[in-house]
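Since every read-out is calculated from the coordinates, none of them should be taken as a lab result. Everything quoted here is computed from the prediction, not taken from an experiment. Neighbour counts run over all protein chains shown; Cβ positions are idealised from the backbone, glycine included.
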Amino acid sequence: MILAHKDDIPLNSTKGFELSSGKQIFVVHKDSGFYAYENRCPHLGIELNWLPDQFLDIENNLIQCATHGALFLPETGECIAGPCVGQPLTLTPITLTENGDITLTEEI
């Protein structure tokens with residue numbers, strides 16, 4: 001399943017998606033690549049963003065939970081600050097194709 005083209009998600013930004021299963025995910029574009037996670041904080045199971053497509057902190061360096069301010073590494077999803085330290089976000093497997101499409105590797 002194609003989610004987007006890489007040009008649809010500028011560097012140091014994010015984009016949210018709703019899958020046909022009803023699950024909410026988001027893709028992060030950082031210098032080191034594209035990463036996708038389920039839009040659910042491991043602390044309370046609530047959505048991370050409070051505005052559409054805004055999952056990063058003010059410096060656009062870390063994923064941030066809008067409710068309690070927990071911070072997560074974009075490359076691994078590991079929580080490094082906040083009430084869920086050490087707990088990771090749920091990774092969503094994606095692939096970047098040769099033509100630049102970001103595809104969901106397996107339906108979740």
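Here are the numbers:
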{"item": "FRET E, pair residue 43, residue 13, Förster distance 25 Å, beta-carbon r, rounded to 0.05", "result": "0.60"}
{"item": "Positive-pole candidate from 99, 2, 86, dipole of the chain, charges at beta carbon", "result": "86"}
{"item": "Percent breakdown of C-alpha pair distances by 5 Å bin, ordered from the shortest bin, for segment 2-104", "result": "2, 14, 27, 26, 18, 9, 3, 0"}
{"item": "Listed peptides 73-80, 35-42, 95-102 by packing density, highest first (mean Cβ within 10 Å)", "result": "35-42, 73-80, 95-102"}
{"item": "Vicinal HN-Hα couplings computed from phi for segment 10-18 (Karplus, 6.51 cos²θ - 1.76 cosθ + 1.60; Hz; Gly/Pro x)", "result": "x, 4, 6, 9, 9, 8, x, 9, 10"}
{"item": "Alpha carbon centroid spacing (whole Å) that separates segment 1-55 from segment 69-90", "result": "15"}
{"item": "Around residue 75: net Lys/Arg minus Asp/Glu count, Cβ-Cβ under 14 Å", "result": "-1"}
{"item": "Amide H partners (placed H, <5 Å) of residue 30, local residues excluded", "result": "12, 35"}
{"item": "Amide H within-cut-off set for residue 62, under 5 Å, with H built and near neighbours excluded", "result": "57"}
{"item": "Fully extended contour minus Cα-Cα distance, from residue 81 to residue 98, at 0.36 nm per residue", "result": "2.6 nm"}
{"item": "Positive minus negative residues near residue 6 (Lys, Arg vs Asp, Glu; Cβ under 14 Å)", "result": "-3"}
{"item": "Cβ-based exposure ranking for 72, 34, in which fewest neighbours within 10 Å come first", "result": "34, 72"}
{"item": "Positive-pole candidate from 51, 70, 14, dipole of the chain, charges at beta carbon", "result": "70"}
{"item": "Packing-based exposure ordering (other Cβ within 10 Å, fewest first) of 63, 58, 46, 94", "result": "58, 46, 94, 63"}
{"item": "FRET efficiency, 1/(1 + (r/R0)^6) with R0 22 Å, evaluated for residue 1 and residue 91 via beta carbons", "result": "0.85"}
{"item": "Estimated distance in nm for a label pair at residue 20 and residue 58, the labels positioned 7 Å out from Cα along Cα-to-Cβ", "result": "4.2"}
